[in-house]
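Quick note: the coordinates plus some simple rules give every number you see, no bench work behind them. Keep in mind that this is a model prediction, so the values were computed, not measured. A quick note on method: Cβ atoms are made from the backbone with ideal geometry, for glycine too, and the neighbour counts reach across all protein chains shown.
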Amino acid sequence: MIAVTDSGVGGTLIAEEVRRLLPDVEVHYHADSEHFPYGDRSPEELVQIIDHNSGLLVEKGARLIVLACNSASVVSLSHLRAKYRVPFVGVVPAVKPAAAMTKTNHIAVFGTALTSASAALADLIAEFCGGVTVHKVVLERLAEAIEWDELARAEEIVAGKWREYQGRGIDVVVLGCTHYTLIKPEIEQIVGPGVAVIDSNQAVARQVKRVWEEVASS
Ligand code: DGL
């Protein structure tokens with residue numbers, strides 16, 4: 001069984017894509033609504049939560065765990081990989097493809113407070129975004145609005161924040177929180193046709209398939 005976990009509905013598109021790529025494999029979706037939202041927590045607190053959940057998922061029979069959450073992945077992947085024998089696939093903001101795509105050399109990463117401040121994101125930017133200005137945009141309460149299915153409020157939050165950034169020549173927006181990918185069409189509408197909006201969902205699902213094939217054959 002493959003377990004896909006997030007604080008709420010954010011990872012559902014990744015789970016859907018994994019089910020499409022691996023139709024014969026049991027995919028269990030775990031929404032940790034008890035600890036939602038993850039993105040406002042301290043890294044230490046979130047590592048503890050994810051560690052605890054991972055132990056439970058392994059007990060349930062998970063042979064591969066997908067952290068379908070940027071906030072959880074940027075703080076806990078190395079800890080989990082050192083502690084557990086099951087493989088973990090995580091999701092991190094797609095700054096590498098964004099840096100390759102931008103023509104203006106300005107990209108934005110939409111994320112939670114935790115992801116935006118993380119060392120993991122800073123490392124990715126240092127590795128892949130030489131010569132590119134990366135605007136880290138924290139969208140307060142956006143994951144909540146999406147979790148509670150408050151689309152009008154979600155659009156207001158994005159539009160309000162985008163007004164602060166739209167004069168800066170940004171031509172690629174990276175969705176650095178899986179919840180945001182659920183309103184990708186609305187975000188595309190707000191930032192307009194000259195700005196590409198990208199996420200890691202498909203790439204993560206393809207990676208899950210590759211890792212599962214190794215797990216299944218071992
Ligand atoms: N879906 C999570 C992410 O990708 C965050 C949502 C939350 O704050 O719980 O970062």
Exercise. Using Cα atoms only, what is the angle between the long axis of helix 43-59 and the major principal axis of the chain, expressed in degrees (0 to 90) to the nearest 10?
Worked result: 40
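Just to be sure I follow the rule: in the range 99-218, considering lysines 8 or more places apart or on different chains, how many pairs have Cα atoms under 23 Å apart? Working shown, then result.
Working: 103/136; 103/161; 103/184; 136/161; 136/184; 161/184.
The number of close lysine pairs in the range 99-218 is 6.
Checking a compactness column here: for the range 98-218, what do you get for Rg(Cα) / (2.2 N^0.38 Å), N being the number of residues? If you can, show how the numbers build up before the last one.
Working: Rg = 15.5 Å, N = 121, 2.2 N^0.38 = 13.6 Å.
It is 1.14.
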Seminar exercise, completed: When 171, 51 are arranged by how many other beta-carbons sit within 10 Å of their Cβ, fewest first, they go 51, 171
Seminar exercise, completed: Plugging the Cβ-Cβ distance of residue 184 and residue 40 into 1/(1 + (r/R0)^6) at R0 = 25 Å yields, to the nearest 0.05, a FRET efficiency of 0.65
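Calculated FRET efficiency, residue 206 and residue 24, Cβ-Cβ r, R0 22 Å, to nearest 0.05? Each step should come with its number before you reach the end.
Values: r = 17 Å, r/R0 = 0.77.
Working from the Cβ atoms, E equals 0.85.
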Exercise. Per the helix-only calculation at 222 nm, which mean residue ellipticity applies to the chain, given -39500 (n - 2.57) for every DSSP H run of n ≥ 4 and division by its residues, nearest 500 deg cm²/dmol?
Worked result: -15500 deg cm²/dmol
For this session: Kindly give Rg over Rh for the range 155-197, based on alpha-carbon atoms, with the Kirkwood expression for the hydrodynamic radius.
Result: 0.92
Exercise. Helix 12-21: angle to the longest alpha-carbon principal axis of the chain, degrees 0 to 90, nearest 10?
Worked result: 60
Problem set entry | Proxy reagent accessibility, fewest Cβ within 10 Å first, across 127, 144, 156 | 127, 156, 144
For this session: Would you mind checking the tilt of helix 201-217 against the longest principal axis of the Cα atoms of the chain, expressed as 0 to 90 degrees and rounded to 10?
Result: 20
